[in-house]
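The values are calculated or read from the model by the stated rules, or taken from the named source; none is laboratory data. Computed from a predicted model, the values in this text were never measured in an experiment. For neighbour counting, all protein chains shown are included, and Cβ atoms are generated from backbone atoms with ideal geometry for every residue, glycine included. Ligands, DNA and RNA are excluded from the accessible area calculation, which covers all protein heavy atoms including side chains. Shrake-Rupley method; radii C 1.70, N 1.55, O 1.52, S 1.80 Å.
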Amino acid sequence: LTPSLFATGSTLPRALLAYQFAIFLLISEHSPATVCPMIIDAPNQQGQDKEHLPQILKFIAENQPADTQLILGIENDTGVEFGGKTINTPVEKYALLQSDQYESVHAEIFNVLKASLQ
């Protein structure tokens, strides 16, 4: 499905978010299959202003379809409550995984991959 959106600048990400939510809502309500989580990485695209960013986050929180999972990557929740579990990432710039975690994470992922191939 390809939308015909006539928006530019900081308006375009808001229009795309609304469009994607509409599609996700239709899928979650009418699909017999398991619905995958909605993943939104950095909804503050195109430098949303102080008025629009809280509105975007509030829209996400209020319009998430019931019984679906949301994975949201944000720097600041601007006071909007999402519920669920919050995972705060380390403060090391450009690094979600810390170097002292490489070995243990590698072992965990390797075991899962190995089991899936058997």
Evaluate segment 77-97: report whether one residue or more is assigned to a helix (DSSP H, G or I) and either closer than 16 Å to PRO13 by Cα or out of contact with any Lys or Arg (no Cβ under 6 Å at 6 or more places or on another chain) (or both). no
Residue hits (segment 68-103; among the aliphatic types (A, V, I, L, M), closer than 29 Å to GLU29 by Cβ and open to solvent by less than 100 Å² (accessible area, probe 1.4 Å)) are LEU70, ILE71, LEU72, ILE74, VAL80
Residue list for segment 46-67, restricted to those being in a loop (DSSP other than H, G, I, E, B) and surrounded by 15 or more Cβ atoms within 10 Å (Cβ to Cβ): GLN48, GLN64, PRO65
Count, please, the residues in segment 69-92 that happen to be in contact with a Pro (Cβ under 8 Å, 6 or more places away or on another chain) and over 17 Å from PHE21 (Cα atoms). 4
Here is a list: ALA66, ALA61. Which entry is touching a Gly at 6+ places or on another chain (Cβ under 9 Å) and either under 21 Å from ILE23 (Cα atoms) or among the charged types (D, E, K, R) (or both)? ALA61
Of everything in segment 31-45 that's in contact (Cβ under 8 Å) with a residue 12 or more places away in the chain and open to solvent by less than 60 Å² (accessible area, probe 1.4 Å), which residue is nearest to the chain's Cα centre (by Cα)? ILE40
